[in-house]
Structure formats: structure tokens, C-alpha cells
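Quick note: the coordinates plus some simple rules give every number you see, no bench work behind them. Every value quoted in this text rests on a predicted model; they were computed, and no experiment measured them. Every residue, glycine as well, gets a Cβ built from its backbone with ideal geometry; the counts of neighbours run over all protein chains shown.
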Amino acid sequence: MDRQPDTIAIGRIAVGQLEVNCYVVSDELTKEAILVDPGDEPDRILDFVAEKGLKLVKIVCTHTHFDHIGALPEIKEATGASLQMHTDEVAIYKMAREMAAHWGFQLDSMPVPDVLLTDGAEVAFGSAVFKVLHTPGHTPGGICLYGNGILISGDTLFAGSVGRTDLPGGDMPSLKKSFKRLMALPPETKVFPGHGPSSSIAAELRDNFFNDEI
């Protein structure tokens, strides 16, 4: 994929009891930004956006488990940003409040998605473009965003590990295919996962236990 502008900045905010990595990805020239996986603590997220002087234009869900979407209502209302997720994720999204209750959490009513993404779609903001990679396995509509030597991997790929498949919609054969797809990206690609520390494709090719599973 063509390299994106060098003005892209990534801010990481670990939110909620499950410490989800919420990412604010911005074009420092235009100050337009997208928000990825606003799982909780909307005030912290909005304060970060305001402090950086950013205009939030899109909210992208890598998937819609409750811990990744808890701040959606407040941020959608405050910014009017376009809410986007993969078309195969809608069923999981509709189950999110029920799943949250099962785990002892409470979600407000969720806003309706504005855009349903498909594999290969582009998420553009400012002068930047990220490509949508459909990576099912953790959930049916799980996606990663890829561009500028960056992979925002949600809960598909972690440093040294992968997402679980024992929750509703999880599927191990699909996860194996998705993992192989990500391992084919350039080794220098930086990986920003949904939980835990950042990594690189080179490090995951070397260290991720899941290499032995495929």
C-alpha cells in the first residue's frame, strides 16, 4: 500500500476496567482525526481531542464487544462524527448491551452506525487514508486499519497473542486465516492492538505463539 503522509500522529488512551486501547489518529497538518474503539471514559477522550485542537470526523470500531464501544453515545453526541463498523459486525453490536450485562457492566443505548464498511474500503481523513482489512475470528466483522506503515489491529492481533474465539461470533478457522493475512504485511509495520503494548509484524513473526497454530 502506498505510504501515507508523515504528518500522522497516534495518541493512545487506555480506558475502562479492561484497559482498552482507544486510539486518536490525526493528520497534524489539517487537524482532522479519527477515533478508534472508544471503550469508556468519554470525558478523557474528548479532553484529549480538545487539548490537541483536533476535529473528530470519524469513529471506527474494530469490533463491537462492549469494552470497545462504551463511550460511543457521549462521543457521537458531542462531535457528530460518522460512526463506522464492518457490515458483518452489526449483529454483535446489537448484542453488546446484553453481553455487557452478563459481565456486570452497563451500556447506554447505542447510536445507529452511519457507514457499514467492507474489506478494502478506505477510511480517509485530512490527507491520510487507511485501508480496511476484514479480519474475522474474534468477531465476524472484526477489522484492522492499515496505512502509513501502521496496523491498528483491534482484538485480532496482540503483542505475542491473538484474540479469543470462545465468545459469540468467534471462529478459530477464520482467526487463523486473518492471522496469516496480517503476517504477510511488511515486517516493519507497526502494530497497535486493542489491549496491551504495541509491537511490529517482524516481532510477531518471531515471537507470537499463534505461528505454531497455523
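Counting other beta carbons within 10 Å of each Cβ, put SER26, SER82 in order, fewest first.
Least crowded to most crowded, the residues run SER82, SER26.
Could you list THR79, THR87 in order of exposure, starting from the residue whose Cβ has the fewest other Cβ atoms within 10 Å?
The order, fewest Cβ neighbours first, is THR87, THR79.
Please list the non-local residues whose amide H lies under 5 Å from the amide H of LEU83, H modeled 1.01 Å from N, same-chain partners needing a gap of 5 or more.
ILE59, ASP114, VAL115
Just add up the charged neighbours of ASP114: K/R +1, D/E -1, any other residue whose Cβ is under 11 Å from the Cβ of ASP114.
+2
Return the lysines within reach of LYS58: Cα separation strictly under 21 angstrom, same-chain partners fewer than 8 residues apart disregarded; answer none if there are no such residues.
List returned: LYS31, LYS76, LYS94, LYS131.
Please turn the phi angles of the stretch 146-153 into ³J(HN,Hα) values with the Karplus equation 6.51 cos²θ - 1.76 cosθ + 1.60 (θ = phi - 60°), one per residue in order, whole Hz, x for glycine and proline.
For the stretch 146-153, the Karplus curve yields 10, x, 6, x, 10, 10, 9, 9 Hz.
If you plug each phi of the stretch 185-202 into the Karplus form 6.51 cos²θ - 1.76 cosθ + 1.60 with θ = phi - 60°, what whole-Hz ³J(HN,Hα) values come out, in order, with x for Gly and Pro?
Computed from phi, the couplings for the stretch 185-202 are 6, x, x, 6, 4, 7, 10, 10, x, x, 9, x, x, 6, 8, 8, 4, 4 Hz.
By DSSP, what percent of the beta bridges with both residues in the stretch 8-213 are antiparallel, rounded to the nearest 5?
DSSP beta bridges in the stretch 8-213 are roughly 65 percent antiparallel.
Identify the trypsin sites (Lys or Arg not before Pro) of the stretch 1-109 meeting these criteria: DSSP loop state and at most 10 other C-beta atoms within 10 Å of the C-beta.
Answer by residue number: ARG3.
Note down the net charge around ILE214, summing +1 for each Lys or Arg and -1 for each Asp or Glu among other residues with Cβ under 13 Å from its Cβ.
Local net charge: +1.
When a footprinting reagent is the concern and you count Cβ atoms within 10 Å, what order do VAL20, VAL15, VAL57 take, fewest first?
Arranged by neighbour count, lowest to highest, VAL20, VAL15, VAL57 become VAL57, VAL15, VAL20.
Can you give me the distance in nm between label points at ALA124 and ALA78, each placed 7 Å from the Cα along the Cα-to-Cβ direction?
2.8
Taking amide hydrogens as modeled 1.01 Å from N in the peptide plane, which residues meet the under 5 Å criterion relative to LEU151, leaving out close sequence neighbours?
Placed amide hydrogens put LYS190, VAL191, PHE192 under 5 Å from LEU151.
Tell me the volume per residue, in Å³, of the convex hull enclosing the alpha carbons of the stretch 64-214.
About 114 Å³ per residue, rounded to a whole number.
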